[in-house]
Amino acid sequence: MNTVTLIGAGPGDPDLLTLQAVKALRRATVALVDDLVHPGVLRYLRRSARIIPVGKRGGCASTPQAFIHKLMVSEAQRGETVVRLKGGDPFVFGRGGEECDALREAGLRVNVVSGLTAGIAGPAALGIPVTDRRHAPGVALVTGHAKEGGHGPDWAALARSGLTLVVYMGVSRADGVVQALLDGGLHPDTAAAVVSAAHTPQQRAVRCTLGRLCQVIDEEGLASPAVLVIGGVAALGEAMAALPVALSA
Ligand code: SAH
(Lines give C-alpha, C1' and ligand atoms only; values in the text may rest on other atoms or scores of the structure.)
Protein backbone atom coordinates (compact mmCIF):
# COMPACT_ATOMS: atom_id res chain seq x y z
CA MET A 1 0.00 0.00 0.00
CA ASN A 2 1.38 3.43 -0.88
CA THR A 3 1.89 5.99 1.84
CA VAL A 4 1.34 9.74 1.64
CA THR A 5 3.10 11.87 4.25
CA LEU A 6 1.48 15.06 5.56
CA ILE A 7 4.27 17.31 6.76
CA GLY A 8 3.98 20.33 9.00
CA ALA A 9 6.49 22.84 7.65
CA GLY A 10 6.30 25.16 10.66
CA PRO A 11 5.60 28.89 10.52
CA GLY A 12 8.53 30.04 8.40
CA ASP A 13 12.24 29.60 9.11
CA PRO A 14 13.25 26.19 7.67
CA ASP A 15 15.38 25.61 10.78
CA LEU A 16 12.11 24.98 12.60
CA LEU A 17 11.45 21.81 10.58
CA THR A 18 11.63 18.54 12.48
CA LEU A 19 14.20 15.91 11.53
CA GLN A 20 11.31 13.64 10.58
CA ALA A 21 10.13 16.30 8.15
CA VAL A 22 13.57 16.61 6.57
CA LYS A 23 13.89 12.82 6.21
CA ALA A 24 10.45 12.58 4.58
CA LEU A 25 11.29 15.47 2.21
CA ARG A 26 14.48 13.69 1.14
CA ARG A 27 12.52 10.57 0.20
CA ALA A 28 9.76 12.37 -1.74
CA THR A 29 9.35 12.26 -5.50
CA VAL A 30 6.30 14.57 -5.56
CA ALA A 31 5.50 17.43 -3.18
CA LEU A 32 2.16 19.23 -3.00
CA VAL A 33 2.89 22.55 -1.37
CA ASP A 34 0.65 25.13 0.31
CA ASP A 35 1.16 28.89 -0.08
CA LEU A 36 2.21 29.43 3.51
CA VAL A 37 5.15 27.02 3.30
CA HIS A 38 8.43 28.94 3.34
CA PRO A 39 10.26 28.36 0.01
CA GLY A 40 13.47 27.56 1.92
CA VAL A 41 11.85 24.33 3.10
CA LEU A 42 11.88 23.00 -0.47
CA ARG A 43 15.66 22.82 -0.52
CA TYR A 44 15.43 19.53 1.38
CA LEU A 45 13.67 17.90 -1.58
CA ARG A 46 15.73 15.99 -4.12
CA ARG A 47 16.49 18.02 -7.20
CA SER A 48 14.43 15.57 -9.27
CA ALA A 49 11.32 15.90 -7.09
CA ARG A 50 8.24 17.41 -8.72
CA ILE A 51 6.86 20.41 -6.84
CA ILE A 52 3.15 21.13 -7.26
CA PRO A 53 1.90 24.39 -5.69
CA VAL A 54 -1.66 23.82 -4.49
CA GLY A 55 -2.36 26.89 -2.39
CA LYS A 56 -5.02 29.43 -3.26
CA ARG A 57 -2.57 30.98 -5.68
CA GLY A 58 -2.07 27.57 -7.31
CA GLY A 59 -4.99 28.09 -9.65
CA CYS A 60 -7.60 25.75 -8.20
CA ALA A 61 -9.93 28.25 -6.59
CA SER A 62 -13.27 26.55 -7.33
CA THR A 63 -12.94 23.21 -5.53
CA PRO A 64 -9.45 23.36 -4.10
CA GLN A 65 -9.84 20.67 -1.48
CA ALA A 66 -11.40 18.09 -3.80
CA PHE A 67 -8.76 18.86 -6.39
CA ILE A 68 -5.95 18.39 -3.89
CA HIS A 69 -7.41 15.09 -2.69
CA LYS A 70 -7.63 13.76 -6.24
CA LEU A 71 -4.13 14.85 -7.08
CA MET A 72 -2.59 13.24 -3.97
CA VAL A 73 -4.44 9.99 -4.61
CA SER A 74 -3.57 9.78 -8.30
CA GLU A 75 0.12 10.56 -7.75
CA ALA A 76 0.38 8.00 -4.94
CA GLN A 77 -1.44 5.37 -6.97
CA ARG A 78 1.03 5.91 -9.82
CA GLY A 79 3.75 4.88 -7.38
CA GLU A 80 5.11 8.31 -6.52
CA THR A 81 6.35 8.98 -2.99
CA VAL A 82 4.02 11.87 -2.17
CA VAL A 83 4.48 14.45 0.55
CA ARG A 84 1.93 17.09 1.33
CA LEU A 85 3.58 20.19 2.83
CA LYS A 86 1.45 22.44 4.97
CA GLY A 87 2.29 25.57 6.92
CA GLY A 88 2.57 25.17 10.69
CA ASP A 89 1.08 21.91 11.92
CA PRO A 90 -1.03 19.85 9.51
CA PHE A 91 -3.71 19.24 12.14
CA VAL A 92 -4.15 22.84 13.32
CA PHE A 93 -6.52 24.58 10.90
CA GLY A 94 -4.72 22.83 8.10
CA ARG A 95 -7.51 20.57 6.81
CA GLY A 96 -5.14 17.71 7.58
CA GLY A 97 -7.99 15.65 9.00
CA GLU A 98 -10.02 15.95 5.81
CA GLU A 99 -7.01 15.02 3.72
CA CYS A 100 -6.26 11.96 5.87
CA ASP A 101 -9.87 10.78 5.46
CA ALA A 102 -9.75 11.22 1.68
CA LEU A 103 -6.45 9.34 1.42
CA ARG A 104 -7.60 6.45 3.63
CA GLU A 105 -10.88 6.19 1.70
CA ALA A 106 -8.80 5.76 -1.42
CA GLY A 107 -6.97 2.87 0.26
CA LEU A 108 -3.74 4.76 0.93
CA ARG A 109 -1.74 4.83 4.16
CA VAL A 110 -1.12 8.21 5.78
CA ASN A 111 1.82 9.31 7.83
CA VAL A 112 1.62 12.62 9.70
CA VAL A 113 4.66 14.66 10.69
CA SER A 114 3.78 17.36 13.19
CA GLY A 115 5.08 20.89 12.79
CA LEU A 116 5.37 23.98 14.96
CA THR A 117 2.05 25.76 14.85
CA ALA A 118 1.95 29.53 14.29
CA GLY A 119 -0.31 30.07 17.29
CA ILE A 120 2.37 28.87 19.69
CA ALA A 121 5.63 29.51 17.84
CA GLY A 122 4.43 32.97 16.69
CA PRO A 123 3.81 34.33 20.19
CA ALA A 124 6.99 32.57 21.33
CA ALA A 125 8.95 34.67 18.82
CA LEU A 126 7.94 37.64 20.99
CA GLY A 127 8.69 35.76 24.19
CA ILE A 128 4.99 35.18 24.93
CA PRO A 129 4.42 31.92 26.83
CA VAL A 130 0.80 31.16 25.92
CA THR A 131 0.02 29.01 28.97
CA ASP A 132 1.99 30.91 31.62
CA ARG A 133 0.20 29.68 34.72
CA ARG A 134 0.42 33.06 36.42
CA HIS A 135 -2.00 34.38 33.81
CA ALA A 136 -4.08 31.57 32.33
CA PRO A 137 -4.98 27.94 32.99
CA GLY A 138 -4.62 27.11 29.32
CA VAL A 139 -4.91 28.32 25.76
CA ALA A 140 -7.67 28.16 23.17
CA LEU A 141 -6.60 28.03 19.53
CA VAL A 142 -9.56 29.39 17.58
CA THR A 143 -10.35 30.59 14.10
CA GLY A 144 -11.55 34.11 13.35
CA HIS A 145 -12.93 32.80 10.09
CA ALA A 146 -15.99 30.58 10.47
CA LYS A 147 -16.60 27.86 7.90
CA GLU A 148 -18.99 29.12 5.24
CA GLY A 149 -22.54 28.79 6.52
CA GLY A 150 -21.19 27.39 9.80
CA HIS A 151 -20.88 28.84 13.27
CA GLY A 152 -17.79 30.57 14.55
CA PRO A 153 -16.44 30.14 18.06
CA ASP A 154 -18.63 31.01 21.04
CA TRP A 155 -16.86 34.29 21.80
CA ALA A 156 -18.90 34.99 24.93
CA ALA A 157 -17.91 31.62 26.41
CA LEU A 158 -14.28 32.25 25.46
CA ALA A 159 -14.41 35.71 27.04
CA ARG A 160 -15.50 34.09 30.32
CA SER A 161 -13.07 31.15 30.10
CA GLY A 162 -9.96 32.83 31.47
CA LEU A 163 -7.96 31.06 28.75
CA THR A 164 -5.36 32.78 26.60
CA LEU A 165 -7.02 33.21 23.22
CA VAL A 166 -4.97 32.71 20.09
CA VAL A 167 -6.95 33.63 17.00
CA TYR A 168 -5.84 32.31 13.62
CA MET A 169 -7.12 33.89 10.40
CA GLY A 170 -8.44 36.74 12.50
CA VAL A 171 -6.55 39.84 11.44
CA SER A 172 -8.95 40.85 8.66
CA ARG A 173 -11.92 40.18 10.94
CA ALA A 174 -10.45 41.68 14.07
CA ASP A 175 -13.34 44.17 14.40
CA GLY A 176 -15.92 41.43 14.82
CA VAL A 177 -13.72 39.30 17.09
CA VAL A 178 -12.85 42.19 19.41
CA GLN A 179 -16.45 43.40 19.60
CA ALA A 180 -17.71 39.91 20.42
CA LEU A 181 -15.13 39.52 23.20
CA LEU A 182 -15.95 42.94 24.68
CA ASP A 183 -19.67 42.09 24.49
CA GLY A 184 -18.81 38.82 26.25
CA GLY A 185 -17.35 40.75 29.16
CA LEU A 186 -13.59 40.97 28.51
CA HIS A 187 -12.19 44.27 29.76
CA PRO A 188 -10.88 46.69 27.08
CA ASP A 189 -7.62 46.87 29.05
CA THR A 190 -6.95 43.14 28.57
CA ALA A 191 -3.48 42.69 27.06
CA ALA A 192 -3.31 41.82 23.37
CA ALA A 193 -0.65 41.22 20.75
CA VAL A 194 -0.51 40.56 17.03
CA VAL A 195 2.32 38.82 15.25
CA SER A 196 2.35 38.60 11.49
CA ALA A 197 4.66 36.51 9.30
CA ALA A 198 6.27 35.10 12.44
CA HIS A 199 9.68 33.45 11.97
CA THR A 200 10.22 35.07 8.56
CA PRO A 201 12.25 38.15 7.66
CA GLN A 202 8.90 39.98 7.29
CA GLN A 203 7.93 39.31 10.91
CA ARG A 204 6.12 42.21 12.52
CA ALA A 205 4.39 42.48 15.83
CA VAL A 206 2.56 44.89 18.09
CA ARG A 207 1.37 44.74 21.65
CA CYS A 208 -1.53 46.82 22.90
CA THR A 209 -4.84 46.36 24.69
CA LEU A 210 -7.94 44.63 23.42
CA GLY A 211 -9.71 47.99 23.22
CA ARG A 212 -7.03 49.40 20.89
CA LEU A 213 -6.33 46.26 18.88
CA CYS A 214 -8.25 47.13 15.70
CA GLN A 215 -6.91 50.67 15.56
CA VAL A 216 -3.34 49.44 16.03
CA ILE A 217 -3.74 46.77 13.33
CA ASP A 218 -4.92 49.48 10.91
CA GLU A 219 -2.26 51.99 11.90
CA GLU A 220 0.53 49.44 11.56
CA GLY A 221 -0.93 47.87 8.42
CA LEU A 222 -0.61 44.36 9.87
CA ALA A 223 -1.96 41.76 7.48
CA SER A 224 -2.36 38.02 7.04
CA PRO A 225 -0.76 35.65 7.94
CA ALA A 226 -1.07 36.81 11.52
CA VAL A 227 -2.26 35.54 14.86
CA LEU A 228 -3.94 37.58 17.57
CA VAL A 229 -3.06 36.81 21.19
CA ILE A 230 -5.50 38.00 23.84
CA GLY A 231 -4.97 37.66 27.58
CA GLY A 232 -2.49 38.59 30.28
CA VAL A 233 0.35 36.59 28.69
CA ALA A 234 0.32 38.99 25.72
CA ALA A 235 2.15 41.56 27.87
CA LEU A 236 4.99 39.14 28.73
CA GLY A 237 8.30 38.67 26.92
CA GLU A 238 10.77 41.11 25.50
CA ALA A 239 9.83 44.16 23.46
CA MET A 240 12.96 43.62 21.33
CA ALA A 241 11.69 40.27 20.14
CA ALA A 242 9.18 42.13 17.95
CA LEU A 243 11.95 43.19 15.57
CA PRO A 244 12.20 41.44 12.16
CA VAL A 245 14.18 38.20 12.27
CA ALA A 246 16.89 36.98 9.94
CA LEU A 247 16.40 33.39 8.90
CA SER A 248 19.02 31.17 10.42
CA ALA A 249 18.97 28.76 7.47
N1 SAH B 1 -1.62 24.90 10.02
C2 SAH B 1 -1.22 26.26 10.30
C3 SAH B 1 -2.40 27.20 10.29
C4 SAH B 1 -3.07 27.31 8.93
S5 SAH B 1 -4.37 28.48 8.92
C6 SAH B 1 -0.46 26.29 11.63
O7 SAH B 1 -0.50 25.29 12.38
O8 SAH B 1 0.17 27.29 11.93
C9 SAH B 1 -3.53 29.93 8.38
C10 SAH B 1 -3.38 30.91 9.52
O11 SAH B 1 -2.28 30.53 10.33
C12 SAH B 1 -3.07 32.33 9.11
O13 SAH B 1 -4.23 33.03 8.73
C14 SAH B 1 -2.47 32.87 10.37
O15 SAH B 1 -3.48 33.14 11.32
C16 SAH B 1 -1.68 31.68 10.87
N17 SAH B 1 -0.27 31.71 10.43
C18 SAH B 1 0.34 30.84 9.61
N19 SAH B 1 1.65 31.14 9.47
C20 SAH B 1 1.87 32.23 10.23
C21 SAH B 1 3.03 33.02 10.52
N22 SAH B 1 4.23 32.75 10.00
N23 SAH B 1 2.88 34.07 11.37
C24 SAH B 1 1.69 34.36 11.93
N25 SAH B 1 0.57 33.65 11.68
C26 SAH B 1 0.66 32.61 10.85
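The values are calculated or read from the model by the stated rules, or taken from the named source; none is laboratory data. These numbers come from a predicted model, not from an experiment. A quick note on method: Cβ atoms are made from the backbone with ideal geometry, for glycine too, and the neighbour counts reach across all protein chains shown. Heads up: the accessible areas ignore ligands, DNA and RNA and are worked out on the full protein's heavy atoms, side chains in. Shrake-Rupley method; radii C 1.70, N 1.55, O 1.52, S 1.80 Å.
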Search result, residues across the range 38-54 that are open to solvent by 10 Å² or more (accessible area, probe 1.4 Å) and under 27 Å from GLY107 (Cα atoms): LEU45, ARG46, SER48, ALA49, ARG50, ILE51, ILE52, PRO53
Residues of the range 225-249 classified as modelled with pLDDT of 95 or more, open to solvent by 50 Å² or more (accessible area, probe 1.4 Å) and either closer than 28 Å to VAL41 by Cα or of a type outside the set (Gly, Ala, Ser) (or both), total: 1
Pairs, first more than 12 Å from LEU158 (Cα to Cα) in the range 168-181, second part of a helix (DSSP H, G or I) and near the ligand (Cβ under 9 Å from one of its atoms), C-beta under 8 Å, six or more apart: TYR168/ALA118; TYR168/GLY119
Conditions (1) away from the ligand (no atom under 16 Å from the Cβ); (2) within 30 Å of ARG26 (Cβ to Cβ); (3) of a type outside the set (S, T, N, Q); (4) surrounded by 13 or more Cβ atoms within 10 Å (Cβ to Cβ): number failed by HIS135: (2)
Residues (out of contact with any Asp or Glu (no Cβ under 9 Å at 6 or more places or on another chain) and over 14 Å from VAL166 (Cα atoms)) located in the range 113-124: VAL113
Residues located in the range 184-196, provided they are open to solvent by less than 30 Å² (accessible area, probe 1.4 Å), touching a Ser or Thr at 6+ places or on another chain (Cβ under 9 Å) and over 13 Å from ALA235 (Cβ atoms): SER196
Looking only at the range 157-183, and only at residues there that are within 12 Å of the ligand (Cβ to nearest atom) and farther than 16 Å from THR209 by Cβ, the one that is surrounded by the fewest Cβ atoms within 10 Å (Cβ to Cβ): SER172
Per-region count, the range 97-120, residues touching a residue at least 60 places away in the same chain (Cβ under 8 Å) and more than 8 Å from the ligand (Cβ to nearest atom): 11
Selected residue (criterion: farthest from GLU98 (Cα to Cα)) from residues of the range 17-35 that are crowded, with 20+ Cβ neighbours inside 10 Å and within 16 Å of the ligand (Cβ to nearest atom): LEU17
Helices (runs of 4 or more DSSP H) (entirely within the range 116-215) containing at least 3 residues that are over 21 Å from PHE91 (Cβ atoms): 155-161, 174-183
Subset of the range 117-132 (residues that are farther than 13 Å from ALA226 by Cα and surrounded by fewer than 23 Cβ atoms within 10 Å (Cβ to Cβ)): ALA124, GLY127, PRO129, THR131, ASP132
Only listed residue being open to solvent by less than 40 Å² (accessible area, probe 1.4 Å) and not aromatic (Phe, Trp, Tyr), chosen from GLY79, GLY87: GLY87
